[in-house]
Amino acid sequence: MNNPQLNANGELQHLLSIEGLPREIVTQILDTAESFAGVTEREVKKVPLLRGKSVFNLFFEPSTRTRTTFEIAAKRLSADVINLNIAISSQTKGESLLDTVANLSAMQADIFVVRHNSSGAPFLIARHVKPHEHVVNAGDGRHAHPTQGLLDLFTIRHYKKDFSRLTVAIVGDILHSRVARSLIHGLTTLGVPEVRVIAPQTLLPTGVEALGVRVFHDMREGLRGVDVVVMLRLQNERMGGALLPSAQEFNKHYGLTADKLALANPDAIVMHPGPMNRGVEIDSSVADGPHSVILPQVTFGIAVRMAVMSIVAGN
Amino acid sequence: MRLHVKNGRVVDPATGRDALGDVFVAEGRIVDGLRDQPDKVIDAKGLVVAPGFIDLSVRLREPGQEHKATLESEMAAAVAGGVTSLACPPDTDPPLDEPGLVDMLRRRAKALTRARVYPIGALTVKLEGKSLTEMGQLTEAGCVAFSQANAPLADTQVLWRGLQYAATFGYPVWLRAEDVWLAKGGVAHDGETATRLGLPGIPSFAETVALATILELVRATGASVHLCRLSTAGAVELVRRAKAERLPVTCDVAIHHIHLCDLDIGYFDPQCRLEPPLRSQRDRDALARGLAEGIVDCMCSDHTPVDDDGKHLPFAEAEPGATGLELLLPLALKWGAAQKLALPATLARITSAPAKILGVASGRIAPGAPGDLAIFDPQAAVRIAPGSLKSQGKNTPFLGYELAGRVKYTVVAGNVVYEG
């Protein structure tokens, strides 16, 4: 099976998923992001790498943070950015996904940044774009959110340097989480020896162990001795149905409190892809506490997205 | 019309006969010999002469979905695939829940003088799972059984009453076992592949839970039930036990599910979006073996033409289904070879076994049987490509495959209806 995100030379043509990416490419993205991290701290925060190129932000699902950081990243690379909120335009007019993309392609796009509520939609688009066009997945269904996964890896590398001795715990709604899937693939690709997932059975997908993780249902047990804690957002619509009885009960078992965090290693870092539900999956004392690297994650996200766009456009 | 097929390798799965010889057809039926000169002679040297194939699930898309396929296109596909009898599920638009619709479909099909069409009537009005159809009148109009096709029947009270009513008059009921609630929202087998791809899953027990319910109702009502499209190893096991108990059940499997599994979805290939979903390798192997052992009675193409607009979509949004009529023979041969079966045993699964389920006299080569024949070269390669398919549905997970088994002549009631 050909990896649809690599070109004939094995270089990154599209970024669709971290799964199946060679370790060298993941490292290349992180190293490139490192070099851009300096740019974002300069007074003039621009480099000309994508000058004259057009980046189309195609968001079939609402997003503020991801769309904004992609836009900032593209602008810092000197690209022209066009934001399309398709959730409320052509889809409601009945235009098909591929027709929308074909029309935008006729407007001379270079990079499509795609978010879609259906798993695999960016793969479909990538199969139908022209050879010089690139697709960057900004989140598809429950499947993948590779730039989030990469910025998580970047953050971990920033604080922990070496992946080969780490224990990482991902806590919460793994079942619906594209962030968790991308991060798990990234961590296993970079050789993290122990990746744990902590959740009740209702929030774990079938056969999740096959992704290379250890499953814990007891959060205290799962947090013991970990170096990195990644909390996932619990969406309100998951509450009160058959998956979970209530936010309060979830918080009791799986909310990250200072008390539970004390079981992790003393220098553990706490991450969250945002937006946070304070008092549900994470207490404010932890979110704003000394272990939290949640805001640096957002900053690193810009450098990582600059790296991804500059690498695909260069191949 | 008097037909003489000479020098062929005559295979009659009903008796296990496999020998060189001649076959004669007169006045639509197979006869021992011809008294007069034949109107047509086919030299079948090097070819297999078998009963025409019988396919228990073929969506012709008429009435109502002519943009996907028409009776003309699909009947041409049927005979190109050597299929001389086919059963069509009631999920047309509107569904086959009124005698008039069934009558019209049969007349249209008959006028085309190709394959024989056996409509399956809707078990419930509009397939809504609420009230029973007029099964007596539908039977008079030509329905051979009653089914919900892939439409859900959540209300087990209706299922129970439907089986009781059908059992009263001896109407067979064809059901696909899937628990509506357990399958809700799912688009792929709930397993490692769906987890990796982030696709909502349909657990295996969605099938076995529903099947256990159906079997219990068969026990209670004595209704004859044909179980359509098994997809799990667990279902094969339940049917094995039901048959040991001599419950009046039979079952089939689709050609896709004995050759493919969820891994074939690869990177979201919408060709593999099927109902029921492709399951694990273990399930696939259990189905293939169950079919060889006779637990699963027969295989069908589950022919479901879907146009490109229905497939050029993200996996979960793509329309389920694949074209299959023209793949039935090559995929049956591929399965038979893998199971190391002799040709008569392989062909039984697409001739005599489905004939028995349909309750028809075809599916065998014996004097008095309908003169329906499929004459094919078992070694000749066919490359599955949109251009080579007669069906209007060009989508199948097998696109690009090269398979052995090419139909050269198809005969219905002694008339040569296809020459390849």
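Bear in mind these aren't lab numbers, they're just calculated from the coordinates by the rules spelled out. The shown structure was predicted, so the numbers you read here are calculated from the model rather than taken from an experiment. Here Cβ is always computed from backbone atoms with ideal geometry, including for glycine, and neighbour counts include all displayed protein chains.
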Chain B: most fluctuating residue of B:R108, B:R289, B:R35 per GNM, C-alpha cutoff 10 Å: B:R35
Neighbour-count ranking [beta-carbon atoms within 10 angstrom, fewest first] of B:E178, B:E140: B:E140, B:E178
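Please work out how much length the chain gains when fully extended from A:E41 to A:A8, using 0.36 nm per residue of separation minus the C-alpha to C-alpha distance, in nm with one decimal. Before the final figure, lay out each step's value.
On the way: separation 33, 0.36 × 33 = 11.88 nm, distance 3.61 nm.
Computed gain between A:E41 and A:A8 is 8.3 nm.
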Cross-link reach list, lysines versus A:K46, counting only Cα pairs under 24 Å and skipping chain neighbours closer than eight places: A:K75
Ranked by how many other beta carbons lie within 10 Å on average, peptides A:55-68, A:207-220 from highest: A:55-68, A:207-220
Chain lengthening between B:L399 and B:E27 when straightened (0.36 nm per residue, less Cα-Cα): 130.0 nm
Packing-based exposure ordering (other Cβ within 10 Å, fewest first) of A:M107, B:M1: A:M107, B:M1
Length-normalised contact order of segment B:29-155 in % [C-alpha pairs under 8 Å, at least 6 apart]: 21 percent
Label-point gap, in nm, between A:M239 and B:K243 - each point 7 angstrom along Cα→Cβ: 5.3 nm
Cα convex hull of segment A:176-315, projected area averaged across orientations, nm²: 9.4 nm²
Semi-axes of the equivalent ellipsoid for chain B, Cα gyration tensor, largest first, Å: 32, 24, 21
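Average partner chain C-beta neighbours within 10 Å, per residue of B:312-324? Before the final figure, lay out the partial values.
Values: counts 7, 7, 15, 8, 7, 8, 3, 0, 0, 0, 0, 0, 0.
Across the residues of B:312-324, the mean count of other-chain Cβ atoms within 10 Å is 4.
Counting only helical runs of four or more DSSP H residues, what would the 222 nm mean residue ellipticity of chain B come to if each run contributes -39,500 (n - 2.57) and the total is spread over all its residues?
On the way: 14 runs with 129 residues, N = 420.
Calculated at 222 nm, the ellipticity per residue is -8500 deg cm²/dmol.
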Centre separation in Å (Cα based) which lies between segment B:314-389 and segment A:10-56: 53 Å
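Take the alpha-carbon positions of segment B:237-309, form their convex hull, and give its projected area averaged over all directions (one quarter of the hull surface) in nm².
Details: hull surface 21.9 nm².
Answer in nm², one decimal: 5.5.
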Segment B:131-261: relative contact order as a whole-number percent, Cα under 8 Å and 6+ apart: 22 percent
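With +1 assigned to the C-beta of every Lys and Arg and -1 to the C-beta of every Asp and Glu, and no other charges, what is the dipole magnitude of chain A about the Cα centre in debye, to the nearest 20?
Working: 31 positive and 30 negative charges, 66 e Å.
So the magnitude is around 320 debye.
Report D for segment B:351-420 in µm² per second (integer): Stokes-Einstein, Kirkwood Rh on Cα pairs, 4 °C, 1.567 mPa s. Provide the component values of the computation, followed by the final result.
Working: Rh = 14.0 Å.
It comes out at roughly 92 µm²/s.
Considering only Cα-Cα distances, which of the following residue pairs are longer than 20 Å: A:K130/B:K394; B:K45/B:K408; B:K130/B:K356?
Details: A:K130/B:K394 24 Å; B:K45/B:K408 12 Å; B:K130/B:K356 30 Å.
As for pairs spanning more than 20 Å Cα to Cα, those are A:K130/B:K394; B:K130/B:K356.
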Choice from B:R176, B:R241, B:R279 showing the highest fluctuation, given a GNM over chain B with Cα pairs closer than 10 Å: B:R241
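Neighbouring Cβ atoms within 10 Å as the yardstick, rank A:I72, A:I86 fewest first.
Listed from fewest to most nearby Cβ atoms, that is A:I72, A:I86.
Let me check against my output: what whole-number percent is the relative contact order of chain B, with C-alpha pairs under 8 Å and at least 6 apart? Each step should come with its number before you reach the end.
On the way: 1047 pairs, mean separation 85.7, N = 420.
Once divided by the residue count of chain B, the mean separation gives 20 percent.
Taking each residue of A:169-182 in turn, how many C-beta atoms of other protein chains fall within 10 Å of its C-beta, and what is the average?
Numbers: counts 0, 0, 0, 0, 0, 1, 4, 2, 1, 1, 0, 1, 4, 1.
Across A:169-182, the average partner-chain Cβ count within 10 Å equals 1.
Taking every pair of distinct Cα atoms and averaging 1/r, then inverting, what Kirkwood hydrodynamic radius in Å comes out for segment B:21-62? Show your work: numbers first, answer last.
On the way: mean 1/r = 0.0756 Å⁻¹.
In segment B:21-62 this quantity evaluates to 13.2 Å.
Considering all alpha-carbon pairs of the protein assembly as shown, what whole percent are spaced by more than 51 angstrom?
Details: 65544 of 269745 pairs.
The answer is 24 percent, as a whole percent.
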Most fluctuating residue given options B:D283, B:D155, B:D252, as computed from a GNM of chain B linking Cα atoms under 10 Å: B:D155
Fully extended contour minus Cα-Cα distance, from B:D309 to B:A154, at 0.36 nm per residue: 52.8 nm
Rg in Å to one decimal, and Dmax rounded to a whole Å, for segment A:7-100 via C-alpha atoms: 15.9, 45
R0 of 30 Å, Cβ-Cβ distance A:H128-A:S78: FRET efficiency to nearest 0.05: 0.60
Rounded Å value of the spacing that divides the Cα centres of segment B:212-258 and segment B:34-51: 39 Å
Neighbouring partner chain Cβ atoms per residue of A:204-211, average, 10 Å criterion: 5
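Starting from the Cα coordinates of chain A, work out the convex hull volume and express it per residue in Å³. Please report the intermediate quantities before stating the final value.
On the way: hull volume 41.9 nm³, N = 315.
Dividing the Cα hull volume of chain A by its residues yields 133 Å³.
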Helix-only [θ]222 nm of chain A, DSSP H runs n ≥ 4, -39500 (n - 2.57) each, per residue, nearest 500: -11000 deg cm²/dmol
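Using DSSP to call loops (not H, G, I, E or B), can you name the GluC sites (Glu not before Pro) in segment A:1-108 whose Cβ has at most 12 other Cβ atoms within 10 angstrom?
Numbers: sites: A:E11, A:E19, A:E24, A:E34, A:E41, A:E43, A:E71, A:E95; in loops: A:E11, A:E19, A:E41, A:E43, A:E95.
Listed in order of number, the matching sites are A:E41, A:E43.
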